[in-house]
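The values are calculated or read from the model by the stated rules, or taken from the named source; none is laboratory data. What you see is a predicted model, and the numbers here were worked out from it, not measured in a lab. Here the Cβ is made from the backbone with ideal geometry for all residues, glycine too, and neighbour counts use every protein chain on show. Note: accessible area is taken over every heavy atom of the protein model, side chains too, but ligands, DNA and RNA are not part of it. Shrake-Rupley method; radii C 1.70, N 1.55, O 1.52, S 1.80 Å.
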Amino acid sequence: MTQSGNGPLSGVRVLELAGIGPGPFAAMLLADLGADVVRVDRPGGAGLGIDPASDITNRNKRSVLVDLKQPAGVGQVLDLAERADVLIEGYRPGVAERLGIGPEPCLARNPRLVYGRMTGWGQQGPLSGTAGHDIGYIAITGALGMIGPPDGPPAIPANLLGDYAGGSLYLVIGVLAALQHARTEGGTGQVVDAAIVDGTAHLTAMIHGMLAAGGWQDRRGANLLDGGTPFYGAYETADGGYMAVGALEQRFYAEFIHLLGIEDDAPGRDDLAAWDGLRTAIAARFRTRTRDEWTAVFQESDACVAPVLSLREAPGHPHLAARGTFTEHAGLTQPAPAPRFSATPGTLRRPPARPGADTEEVARDWRAPSLATPAGDPRRTERKETAR
């Protein structure tokens, strides 16, 4: 029986060819929403270099071990592709084809298969065959150049903006849209080319509109949403913490300066020439109390002020705790599945998959006998040991 939860994707089979970064995260999201995700790991692995038991991006999945350098391994992947609804791979362009598991042979076996391709540069273009990482992808799209102070280098947003927002989420949108098409009358499978550069550029649509209309300057720290205004930014507190201020609207700003205690002395908000003075006044006031003290001042107000928390602190925030935004599963504190569904909620069903631990189970459930290890073969014992 297919191992899936009660999520909206229950019954959908996803085959993930192991990689790192945005591909595994996209597959995790599909798994969180109930899809039966089988990850094809290679001998030796290509993981993050951490204990597989801690790799949260492999939660809710099962893993099979396949040697794609061997003809038998290629046949095993094609057998699984024949039984899948979605396939996800994150190789450089042409690698899957050279291995014999590209779109052509997979779609020949399964014409309704959605073949999702996750890359940084895309399948075509001058850079498509070159190596890259998040920072380079978001650099050429203009996104990185928007972030940071006007008098310093761009600020690096970890790999959240490119890999996951511009990459993983667009891949998930693409494969779900293609899956809907494949399941309609007369629909067919197809290839989804999800490039991080495309998705990240797409995320800047509103900014490009503002730029065209003259409402955005093409430089850092000079705009409404990039720290250019004194009422949208982060300010240091007495203990070295920070408070994030987003008091954009007039009524929220009024409550902000009232609670901050500078409403009688603050320079005019609408006087751009006075913004440096306003910024200085806000900064000086925030430095008079600790982050926790200011958090208490602004608690549950409409001033749009929040403490800047660390990764370890975030799960303990009262609002996130009340919503269950983070949860503990298999001994790991981790983000809970998102978004939420009233009738078919996503769940955490399985801990991070260990490479090859579920090969026999998947061979049975997906009715793929080519994966099964014959009784008496020492590899069968090895797999059982790995699963423990």
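Multiply the residue separation of Glu82 and Glu313 by 0.36 nm, subtract the distance between their alpha-carbon atoms, and state the gained length in nm to one decimal.
Difference between extended and current length: 78.7 nm.
Taking the structure as given and computing Rg and Dmax of the Cα atoms in Å, which label from (1) 24.8, 83; (2) 20.9, 76; (3) 20.2, 67 fits?
(1)
Once the Cα atoms of helix 22-32 and of the chain are each reduced to a long axis, what angle between those two axes, in degrees from 0 to 90 to the nearest 10, is obtained?
The angle comes out at about 80 degrees.
For the peptides 31-42, 191-202, 231-242, what is the packing order when you average, over each peptide's residues, the other Cβ atoms within 10 Å and list the highest mean first?
Per-residue Cβ counts within 10 Å, averaged per peptide and sorted highest first, yield 31-42, 191-202, 231-242.
If I fit a long axis through the Cα atoms of helix 71-83 and take the longest principal axis of the Cα atoms of the chain, what angle between them do I get, 0 to 90°, rounded to 10?
That helix lies at roughly 70 degrees to the long axis.
Hey, what did the range 200-278 get for relative contact order, percent, Cα under 8 Å, at least 6 apart?
On the way: 63 pairs, mean separation 11.6, N = 79.
In percent, rounded to a whole number, it is 15.
Most mobile of Gly100, Gly221, Gly316 per a Gaussian network model of the chain (Cα springs, under 10 Å)?
Judging by the Gaussian network model, the answer is Gly316.
Using 7 Å Cα-to-Cβ label points, what is the Gln180/Ala158 separation (nm, one decimal)?
3.0
How much accessible area per residue does the chain have, in Å², with a 1.4 Å probe?
50
Please give the contour-minus-distance gain from Glu104 to Glu249: 0.36 nm per residue of separation, less the Cα-Cα distance, rounded to one decimal in nm. List each step's numbers first, then the result.
Numbers: separation 145, 0.36 × 145 = 52.20 nm, distance 5.35 nm.
Working it through step by step, the gained length comes to 46.9 nm.
Return the single residue from Gly346, Gly186, Gly261 with maximal mean-square fluctuation; model: Gaussian network over the chain, springs between Cα atoms under 10 Å.
Sorting by GNM fluctuation, first place goes to Gly186.
Divide by every residue of the chain the summed helix terms, -39500 (n - 2.57) for each DSSP H run of at least 4, and state the resulting mean residue ellipticity at 222 nm, rounded to the nearest 500 deg cm²/dmol.
Values: 14 runs with 127 residues, N = 388.
Counting only the DSSP helices, I get -9500 deg cm²/dmol.
Cut-off 10 angstrom, C-alpha nodes, Gaussian network model of the chain. Which of Arg83, Arg109, Arg285 fluctuates the most?
Judging by the Gaussian network model, the answer is Arg285.
What does the charge count around Ala155 come to, taking other residues whose C-beta lies under 15 Å from its C-beta (Lys +1, Arg +1, Asp -1, Glu -1)?
Values: positive: Arg219, Arg220; negative: Asp134, Asp151, Asp226.
Residues near Ala155 contribute -1 overall.
For Gly187, what charge total do you get from the other residues with a beta carbon under 13 Å from its beta carbon, if Lys and Arg give +1 and Asp and Glu give -1? Don't skip to the end; give the middle numbers.
Values: positive: Arg112, Arg183; negative: Asp85, Glu185.
Net of charged neighbours comes to 0.
Shape call for the range 199-331 from the C-alpha gyration tensor, a ≥ b ≥ c root eigenvalues: rounded (a/c under 1.5), prolate (a/b greater than b/c) or oblate? Walk me through the numbers on the way to the answer.
Numbers: a/c = 2.16, a/b = 1.16, b/c = 1.87.
Since a/c reaches 1.5 but b/c is at least a/b, the shape of the range 199-331 is classed as oblate.
Contour minus end-to-end for Asp270 and Gln123, with contour as 0.36 nm per residue of separation and end-to-end as the Cα-Cα distance?
Working: separation 147, 0.36 × 147 = 52.92 nm, distance 4.80 nm.
In short, 48.1 nm is gained.
Suppose we take every Cα in the range 86-128 and form the convex hull; what volume per residue is that in Å³? Could the numbers behind the result be given before it?
Values: hull volume 2.8 nm³, N = 43.
Considering the Cα atoms of the range 86-128, their hull volume per residue is 64 Å³.
Quick one: helix 250-260 against the long Cα principal axis of the chain, what's the angle to the nearest 10°, folded into 0 to 90?
70
Quick one: if you stick a label point 7 Å off each Cα along the C-beta vector at Asp218 and Thr288, how many nm between them?
Between Asp218 and Thr288, the label points sit 4.3 nm apart.
Would you mind getting me the FRET efficiency between Ile140 and Ala338? Use the beta-carbon distance for r and R0 = 30 Å, nearest 0.05.
Details: r = 29 Å, r/R0 = 0.97.
Efficiency at R0 = 30 Å is approximately 0.55.
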